[in-house]
1. I'd like the FRET efficiency for Leu63 and Ser212, computed as 1/(1 + (r/R0)^6) with the beta carbon distance as r and R0 of 51 Å, rounded to 0.05.
2. Order 90-103, 131-144 from most to least packed using the mean count of other Cβ atoms within 10 Å.
3. Give, rounded to the nearest 20 debye, the magnitude of the charge dipole that the range 138-255 has about its Cα centre when Lys and Arg contribute +1 at Cβ and Asp and Glu contribute -1 at Cβ.
4. To the nearest 20 Debye, how big is the dipole of the range 122-189 about its Cα centre, given +1 on the beta carbon of each Lys and Arg and -1 on that of each Asp and Glu?
5. So how much slack lies between Trp242 and Gln171, counting 0.36 nm per residue of separation and subtracting their Cα-Cα distance, in nm?
6. With 21 Å as the limit, write out which pairs from Lys139/Lys247; Lys153/Lys173; Lys145/Lys190; Lys150/Lys190; Lys117/Lys173 have Cα-Cα distances beyond it, or answer none.
7. So how do Asp174, Asp207 rank on accessible area, 1.4 Å probe, biggest first, that is with the largest at the start?
8. Distance in nm between label sites at Leu189 and Asn158, each 7 Å beyond Cα in the beta-carbon direction?
Amino acid sequence: MMENNREKSRKKRKMARKILLSVTVSLAFLLFVPMQASAATVGINGKGMNTLQIIEMLAVLALLPSILIMTSCFTRIVIVMSFLRNALGLQNTPPNQIIIGISLMLTLFIMSPVTAKINTEAYQPYKESKITQQEFVQKATEPLKEFMLKNTKKEDLNLFRNLGKVKSSTQVKDLPITVVTPAFMSSELKRAFIIGFLLYIPFLIIDMIVSSTLMSIGMVMLPPNMISLPFKLLLFILVDGWDLLFKTLVTSFNL
């Protein structure tokens, strides 16, 4: 039995070394081969792109999911969904995958006007080679910045304007994206926690009533959550909680 386990561990180590070797060779090929090609360029849509530009593009693509999450309504939705699960007293229901999936679908639904604007004003002209890459980035950023400014509190915007030492004469629409994004994130976190607090109140009242009732009849050893959980689920079902929550989340954004 011990020999079998050792043999399995040796095979796993060999497999891990092979995977590490293949990854290393691939990275070396991607990094060093283009550099040795005497600053050769890769033709994309008839335009030259050197090695440094390729690396920058790959870095942007790697960070693109995080950038889109931080500049969209995803943060507020996923935090509120997590608050709801904790308020109901459910540990892993719905699972994290379900919460992420619902949040992504609601984000796509809410952000559809913004994505449509980016598609018509930035992506399609860039695809048809009517604008440059810099113009594409600028035109694609404008709808996102407009959405973030509509959903950013004035005090948060002023906070990061002062921290970034931006001139007071600069108009709001001309603020850099590096100032608008953290201000938007701060506002989103505040709103998400406020909604989460309001979600907690009715379920907290049920917990308090159940706990006081159990103590009054001397059933101290019985966990209150075991009794209150069915009542909280019943309340959530009776008020059609999912539809009410989704409607509140969608209408809470300014588009």
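The values are calculated or read from the model by the stated rules, or taken from the named source; none is laboratory data. What you are looking at is a predicted structure, and each value in this text was computed from that prediction instead of being measured. Cβ placement follows ideal geometry from the backbone for every residue including glycine, while neighbour counts extend to all protein chains displayed. Just the protein is used for accessible areas: all its heavy atoms, side chains included, with ligands, DNA and RNA removed. Shrake-Rupley method; radii C 1.70, N 1.55, O 1.52, S 1.80 Å.
1. After rounding, the FRET efficiency stands at 0.50.
2. Working: 90-103: 12.6, 131-144: 15.6.
The peptides rank, most packed first, as 131-144, 90-103.
3. Computed about the Cα centre, the dipole is about 580 debye.
4. Working: 11 positive and 8 negative charges, 30 e Å.
Once rounded to the nearest 20, the dipole reads 140 debye.
5. 21.6 nm
6. Details: Lys139/Lys247 31 Å; Lys153/Lys173 14 Å; Lys145/Lys190 19 Å; Lys150/Lys190 15 Å; Lys117/Lys173 17 Å.
Table pairs above 21 Å Cα-Cα are Lys139/Lys247.
7. Per-residue accessible area, sorted high to low, gives Asp174, Asp207.
8. Distance between the two pseudo-spin positions: 2.0 nm.
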